[in-house]
Amino acid sequence: MLRMLIRRLALGAITVFLVSLIIFAGVEILPGDACTAFLEREAQGQLLENCRQELGLNRPATERYLEWAAGAVTGDLGVSANGQKQITELVGYRLRNTLLLASCAMLAGIPLALFLGVVAALWRDRMVDLTISTIAIGAMTIPEFVSATLLILIFSVWLGWIPGIVLTSANAPISEFFPEIFLPMMVLTFVMTAHILRTVRSSVIEAMASDYAQMATLKGVPYWRIVFRHVLPNALLPAINVVALTIAWLLGGVVVIETVFNYPGLGRMMIDSISDRDLPVTQAIALIIASVYVGVNLAADLLTMIANPRLRTLHMRKG
Amino acid sequence: MKRLLASACVAALALTGTALAEPKGTFRQAHEYGFGDQSSLDPISKGRIFQITEKLMSRLVRPDMEGKPSPDLATSWEANEDATVWTLTLREGVKFHDGSDFDAADVVYSLNRVLDPDGDSPARSAVKMITGVEAVDPMTVKLTLDTPFADMPLQLMDYRLRMIPDGSGDTIATTGIGTGPFKLEKFDPQGTTVVVANTDYFEGPPGVERMEIIGIPDAQARLQALLGGQIDMESGITPQQRVMFDGSDKFYIQEVPTGNWRGIVFRTDVEPFSDPRVRKAMRMAADRDGLLALVEGGNGTVACDTPVGPADQYRADLSCPQDIEGAKALLAEAGFPDGIDVDVHVATLEATWPAMAEAYQAQAAEAGIRVNIVQVPTDGFWSEVWMKKDAVMTRWNERPADQALHEIYLSTAKWNESYYKDDGFDAMLAEARRELDFDKRRAIYVKAQEHLQETAGTLIPYHVTKLIGATSRVKNLDPVENMSIRWYKITVDE
């Protein structure tokens, strides 16, 4: 188990390294740089030269990458090209805001998805299942920017209940994000619930059809006891991985949602930094998102292993 | 000849114009957060957020509702015989937000900051003819120019040329201290910036007690915020979005004709555009009414390749119907009886460029001009494509006539995008600047524009009319270009 953990961590580090390399190369290949993006029409001659000199953009790309990487390893993400501020400071609040939005959506979405998934599976092919499944497919297929815009139209423009656009600045106290956070949270909950509940539904159906469930039925075990004691513990294991992927997606900063709602999180910062050609900031955010993906997936695998009796016998005793 | 403006009428205007009621209510507006972390309250820096600085600081001269120079911090101005020295009389008794008195030293400091070549200020181009700024006495400033310039006051109206306290250059980016109708309470470029009424404002207390200027980078999000009543005014409404406001009693739309234009520029220093006949044919083939209707939904004023806006006092009254036969004849005369092929470079940097290029492509095809649209990335457009390729899309924002003609067509101009070199034209511009009689000066500027219609390499089909959406609680919003709006007049219903 420990050896596996170390191996996975090493693989994760390599993944993060590769991601940073690809992002750096990607932004480098794009035409223009931080200076042409900022100066626009004035990006010519001496002004452009001065700007590049100031930001150190006239040095070779490999040299800049190595310098950045050396800093990143020691936890120093450098300064932003646009504005010369400490990135750790800039990213901190954005990360917090993304975490806030993600946890709100998860708190609402995960219990809801588990509940609806199980209900849909147990009343399979009945009216309730058909309704839930149809809505879920709808939620998965309608693009987020469409559902987001529709929700703004209904709740903010027509009914006027909730503000449509988040106007709070990135470093405001958490309490100021309410009630503006409700609409983006609703859209995210909508999408993630759909994804998770479909997995839960199919794995519950599978478990209900399994030999041990049928055996229990034949033995005369009461229906709800079969569901809670035998089916759910087994059926919910595969859901852990889907939940993990969803969490990673949420923490990575949901770019489209954050842009539509003007939410000051990591996703919008990523977009802004790419359009400003602010390579250090783009790199820092990519690094965070990649680490989150690697970390959450690792945690999910460990959790599955701990929860799975077939894998935990060697190292842990059954309680 | 001397030009004098009495300050008495200004004082009268100030007394009658402003309601003496207490400022009340909050007016909210968005800005694009276009300069990210370089956002600044320094009015002459590249990162200035003009939506904030225009409320905090005053200019020496500002445009009146007709766009003509009217007193702001300078109450009157006059030129010497040949318009090379201008003397400005300043307004008495004005105080900065920090309590200090406004006087000539502040003007000298503010203008010299703009003129400093090391300062890299984009505003320098508007006033670079000034070679000396001198305080004659505490309420008089003398400007010395390197060229006769009869319309100097027009240049001083530039929206960036705002007066700041003497010596405040290092701190102005965050303090925003000026003499304007509003004082800074909180500067937060990516969130909500708050300015509050300056009850000591020299035109009287402003109408609203508080203005919030909120950073919303995404245009769609700004529109949603307006529709949802989170902001009170938004200026970038497109003709397509207009339907959402028409017929609603919660909003109103103001149409403001501007001097902003989008067009196609052909380099006059390369084949085949080096032949003026080819350039003229390219421009004659355009159906400007058609382009305006197709691209802007008719929101604009047709221009006959003049960069001078429809509201400008020097705008020439020209006519330019589409002339396919004339274009064909000119091309044949220039040695292209079978027409020509042109690669026009188009990016999506300006949302209306692709539509304009395609509409022009269809129109010009009739005259045997085969336009091939080359798509180029928005990134690096200004540095890699514009002024490099032979035919590209372009756009310019409103400038006073003299400045527009100089910056775009003078043979030595840095942004002479068509590489237009015409000694006769250059001479006309110099002559106009020397001419102190308005009617004569106007005649020269008109001649210069007519000359452009004959020879220029720039197709300017129309000037855009801007649509400004506002919530109906906003009153007294001047229906004029942003730089002329009197923000202290605005009131809001509770």
Exercise. If you add up the charges near residue A:131, with Lys and Arg at +1 and Asp and Glu at -1, over every other residue whose beta carbon is less than 15 angstrom from its beta carbon, what do you get?
Worked result: +2
Problem set entry | Listed residues A:283, B:348, B:129: farthest to the positive end of the dipole of the protein assembly as shown (Cβ charges) | A:283
Seminar exercise, completed: Under 5 Å from the placed amide H of residue B:84, counting only residues 5+ away or on other chains, we find B:149
Seminar exercise, completed: Computed ³J(HN,Hα) along segment A:190-197: with the Karplus parameters 6.51/-1.76/1.60, θ = phi - 60°, integer Hz and x for glycine or proline, the list is 3, 5, 5, 4, 4, 4, 5, 5
Exercise. Suppose every K and R has +1 on its Cβ and every D and E has -1 on its Cβ; what is the size of the dipole of chain B about the Cα centre, in Debye to the nearest 20?
Worked result: 500
For this session: At most 15 other Cβ atoms within 10 Å and a DSSP loop assignment: could you name the GluC sites (Glu not before Pro) in segment B:32-81 that fit?
Result: B:32, B:66, B:81
Exercise. Taking amide hydrogens as modeled 1.01 Å from N in the peptide plane, which residues meet the under 5 Å criterion relative to residue B:166, leaving out close sequence neighbours?
Worked result: B:106
Problem set entry | Selected from A:236, A:47, A:151 as most flexible by GNM, with chain A as the system and alpha-carbon contacts under 10 Å | A:47
Problem set entry | Long-range amide H partners of residue B:62 with built H, under 5 Å | B:70, B:72
Problem set entry | Relative contact order (percent, whole number), chain B, Cα cutoff 8 Å, 6+ residue spacing | 20
Problem set entry | Counted charge near residue B:252, where neighbours are those whose Cβ lies closer than 15 Å (Asp, Glu -1; Lys, Arg +1) | -2
Problem set entry | Positive-pole candidate from A:30, A:60, A:15, dipole of segment A:2-73, charges at beta carbon | A:15
Exercise. Counting Lys and Arg as +1 and Asp and Glu as -1, each charge on the Cβ, what is the dipole of segment B:185-237 about the Cα centre in debye, to the nearest 20?
Worked result: 160
For this session: Answer with one residue from B:96, B:432, B:463: the one whose Cα lies farthest towards the positive end of the charge dipole of chain B, charges on Cβ with Lys, Arg +1 and Asp, Glu -1.
Result: B:96
Problem set entry | Per-residue ³J(HN,Hα) for segment B:359-372, Karplus 6.51 cos²θ - 1.76 cosθ + 1.60, θ = phi - 60°, Hz, x for Gly and Pro | 5, 5, 4, 5, 5, 6, 4, 4, 8, x, 9, 8, 8, 10
For this session: Could you tally the net charge around residue B:317, taking each other residue with its Cβ under 13 Å from the Cβ of residue B:317, Lys/Arg +1 and Asp/Glu -1?
Result: +1
For this session: Would you mind working out the magnitude of the charge dipole of the protein assembly as shown relative to its Cα centre, with +1 at each Lys and Arg C-beta and -1 at each Asp and Glu C-beta, to the nearest 20 Debye?
Result: 4160
Seminar exercise, completed: In whole Hz, the Karplus estimates of ³J(HN,Hα) for segment A:203-217 (6.51, -1.76, 1.60; θ = phi - 60°; x where Gly or Pro) are 6, 5, 4, 4, 5, 5, 8, 6, 4, 5, 5, 5, 4, 5, 4
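Just so you know, all these numbers are worked out from the coordinates, no wet-lab data involved. Predicted model only: the values in this text are computed from it and were never measured. A quick note on method: Cβ atoms are made from the backbone with ideal geometry, for glycine too, and the neighbour counts reach across all protein chains shown.
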